[in-house]
Amino acid sequence: MNARYAAILAALALSACGGRYRPVSDFPVKIGRPYTVRGVTYTPAAAPLYDEVGLAGWYGTESGHRTALGERFRVKAIAGAHTTLPLPSYVEVTSLETGRTILVRINDRGPFARGRIVDLSRGAADLLGIRAAGTAAVRVRRVDPPERDRARLRQGKAAVRPDASAADLAMWRDRWRMRGR
């Protein structure tokens, strides 16, 4: 009876201190199996050269929920969701309107809205300057940032990058237009 009582107390203590969430960490990296949402099958992959232009949206009403990585979702943190990149992954997200570039830690799955390539936390959307618009054209590129930037993002803090050059913005906007947008 004592062992059972001790196990119950341990479980209660863990749940009281947020034990149901995984600590924020970069290891292990999780790719995962294919999964289906609303009739669409997504196949996670390593994708070290991921570089796409498309729409970004944002989410921010799910504070305290679990991310696909098992971490606590924090709306003000600089984080995001992607359908197939490994969890966690780091990406540079550049607004095609302003050229502003930020580093984002991908720790969740999504977006599952048609036409979007990434969803950003409210904090990331604010930092990128797209929250008011709801969605915006962006470039998303997987990167391997230095540990100091990774540490900042694990803490939910920003790791801003230099703005994109005019030539790069023109090239990405052309890619966006060629997609039929």
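At a 10 angstrom cut-off on C-beta neighbours, averaged per residue, how do the peptides 153-163, 73-83 rank from highest to lowest?
The peptides rank, most packed first, as 73-83, 153-163.
Its Cα centre serving as origin, segment 2-178 has a Cβ charge dipole (Lys and Arg +1, Asp and Glu -1) of approximately 520 debye.
Each other residue within a Cβ distance under 9 Å of Arg139 adds +1 if Lys or Arg and -1 if Asp or Glu, for a net charge of -2. Return, ordered by residue number, the residues of segment 79-106 whose backbone nitrogen is under 17 Å from a label point located 7 Å along Cα→Cβ of Asp168. Answer for segment 79-106: 90-105. Report, to the nearest 10°, how far helix 166-178 tilts away from the longest principal axis of the Cα atoms in the chain, using its own Cα long axis and a range of 0 to 90°. Taking the Cα atoms of the chain, the angle to 166-178 is about 80 degrees. For the chain, the convex hull drawn through the C-alpha positions has a volume of 139 cubic angstrom per residue. Gain on full extension, evaluated as 0.36 nm per residue between Asp144 and Arg72 minus their Cα-Cα distance, stands at 23.6 nm.
Each value in this text was obtained by applying a stated rule to the coordinates, not by laboratory testing. Quantities reported herein were computed from a predicted structural model and do not represent experimental measurements. With ideal geometry, Cβ positions are generated from the backbone for all residues, glycine too; neighbour counts draw on all protein chains shown.
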